[in-house]
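Below is one structure, written out as structure tokens; the observations come after it.
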DNA sequence: AGTTAATGGACGTTTTGTGTCCCGGGTATG
DNA sequence: CATACCCGGGACACAAAACGTCCATTAACT
């Protein structure tokens, strides 16, 4: 049943909005018994004229009746409403979650896919699909898109498809190598994305754990310099979010730094920065590429992460307040709501 | 799953059309491999511009791709199409049936509800609901609506609701008493319909089996004459369709007439007339009211009947060629298609 | 009897959708 | 290699739908 709605959403994206609108009109009328147009309009926060259009339609369908005293629901309207209740709950449970999170952190968009990426591979794929859709939607033309590594990002890359809109876009890794397996490195992902969409890419071949001296040398190199400048002036960032300790271990951070991370209360990691519960940066991986301050100029920051275990980490990053779009799953979203 | 589609059909009828349109565009593109806009437009019988709008949308959704050689379906488009097939079949299987029947008999509208009225009371109710909706849709203002008797008509009456559009309408029985049980008589049904919709009604109190002399006397009566004239000048007729022999028995037709009906090959009965396989009238019940020739002037003739057992009878009446709208069920519709 | 709040009609304005034509550029065909 | 054809996409005028706004009329309530 959920499947059918998800399929329809692809072919008729505004289906859900209209369905919900009409449903809530009927619901309000049912609750009010008899109610007038203006009263109803203000309680549903619609203009009178729009409501009137919908009411005319619903009347046409025989779902409500009007007389000179006002509108009331018809028998078939009541039955329809009853039959719809489970559907609405299914379809909009996530929408409500999305809206709550969006408001709580003042973001521009939140997308929640059903399921839990920790336990279901299918959900993980869905997360990738939704992430890819979110990216496609935000691309305008000839954008520079900085991406990070990670398995979630790899899923997004998988789900991108050739698109004339992205033909002029540049994909670049947000940061230099961060010591992960090759197929989840930012470099790899940037190139896959470019190939899949028909876009172009530049890579950043720099080793991890750069000393200050080595850094100064590298940054002099015109090739590298050019890419770094592109990265720092990107219009869109797409990044995963990780649990701080998990990421530290995966990147083989030395034990001293690990201890310091623990002492500082690091919870989350995103594009090489570590965040504590309040969203403060407590540590920074030393490598070239996107810096936190560059995000100020970035127009769209898209964070993608799912799974119940990541809920808290996501909250940390959101608290930092740079995210514009979040793509997550149901399990993580519920965790997030526990922490606001 | 069917339920959710039925709900959507009520709440978003035009979105379902759009869904079908987009589905068939994708389907055609899949079948064609690579195809150009103009070619596709003519094969789908759309104007180029509106197809273009849809294509732009589908491209936006990543369901198809265009390059300079034409349009082709994308991977996610192919998957979507596959996933949608059962949904489309479920949602529009009946639509296709409707269209076939409509074309075969040159009618203006055919409505098919799922199920078999012979075996399911629920389907019978649905038939009534659909019949009521069809009537409501065809009423304009201050119409005279002639109705017959029968259990199906009673269901329609049940499903009518108060409606400002029908407030000025007159409900009249199409013909005089035809010896059925009271609650299924045309008189009763006309009055119920009027009460339910807020319309007005006139009744025709004449006995069955009228001799010529009695007929002449009755028709002189100004009251009766007035009603008869109203009936004959009606704008809308709603009638059931019955199996000839079943109706003859129910109406206690004498054995001689029954034999003659059988000899003539009577298959169907509608508003007092009996029809053979080819739609010829083979017998006429002698009573006052609507005559076959009056139907010429009637703008909308709505026939309502369902159940597998009635399929053949419906074909007979349709062959006669006076019907504009048919409301039936899936089982009867399938039978009908066997006979064309 | 007066007041309130209801629907439905009306109308001008804005937005969206549609029909039509054209252009530059690949593709297939000869 | 040349040519005829068909492609997607841009452009634009026009029609249709949606919308905001105001008003007349009328039932219900005080």
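A few notes on this one:
- Once the gyration tensor of the Cα atoms in segment B:48-203 is diagonalised, the equivalent ellipsoid follows with semi-axes of 45, 19, 13 Å, ordered largest first.
- P(r), alpha carbons of segment B:1-84 - 5 Å bins starting at zero, rounded %: 3, 14, 25, 24, 15, 11, 6, 2, 0
- Shortest-first nm distances, residue B:89 label point to equivalent points in other copies (7 Å, Cα→Cβ): 3.1
- Sorted by Cβ density within 10 Å, fewest first, the residues A:12, A:292: A:292, A:12
- Over segment B:1-84, Cα pairs under 8 Å with separation of 6+ residues give a relative contact order of 28 percent.
- Percent antiparallel among DSSP beta bridges (both partners in segment B:231-340, rounded to 5): 55
- Sorted by Cβ density within 10 Å, fewest first, the residues B:163, A:108, A:255: A:255, A:108, B:163
- Residue-averaged [θ]222 nm for chain B, counting only DSSP H segments that reach four residues, each worth -39500 (n - 2.57): -16500 deg cm²/dmol
- Segment B:34-173 - share of DSSP beta bridges that are antiparallel (%, nearest 5): 55
- Average beta carbon contacts from partner chains per residue of A:311-317, 10 Å cutoff: 0
- Here the extension length gained between residue B:48 and residue B:90 equals 12.2 nm, from 0.36 nm per residue of separation less the Cα-Cα distance.
- Kirkwood Rh and Cα Rg combined as Rg/Rh, the protein assembly as shown: 1.15
- Remark: label point of residue B:252 defined 7 Å out from Cα along the Cα-Cβ vector; separations to the same position in other copies 10.1 nm, ascending.
- Per-pair calculated FRET efficiency, R0 = 41 Å: residue A:108 and residue A:217 via Cβ, rounded to 0.05: 0.55
- Sites residue B:75 and residue B:38, calculated FRET efficiency, Cβ-Cβ separation with R0 25 Å, nearest 0.05: 0.45
- Residue B:119-residue B:259 pseudo-label distance in nm [points 7 Å out on the Cα-to-Cβ vector]: 3.8
- For segment B:93-337, the calculated P(r) over all alpha carbon pairs, in 5 Å bins from 0 to the bin holding the longest distance, is 1, 7, 15, 19, 21, 18, 12, 5, 2, 0, 0 percent.
- By Cβ position, the chain B residue that hugs the axis carrying B onto A most closely, with its distance in whole Å, is B:15, 1.
- What separates the residue A:31 label point from its copies, with the point 7 Å along Cα to Cβ, is 4.8 nm, written shortest first.
- Once the Cβ-Cβ distance of residue A:60 and residue A:181 is raised to the sixth power relative to R0 = 56 Å, the FRET efficiency obtained is 0.40.
- Take every Cα pair under 8 Å whose residues are at least 6 apart in sequence, average their separation, divide by the length of segment B:134-269, and the relative contact order is 27 percent.
- Contact order normalised by residue count of segment A:93-337, Cα under 8 Å, 6+ apart, percent: 25
- Fewest-first ordering of A:273, A:215 by other beta carbons within 10 Å of each residue's beta carbon gives A:215, A:273.
Laboratory data are not the source of any read-out in this text; all were calculated from the coordinates shown. A quick note: this is a predicted structure, and the numbers were derived from the prediction, not measured. Glycine gets a Cβ as well: all are built from the backbone with ideal geometry, and neighbour counts include every protein chain shown.
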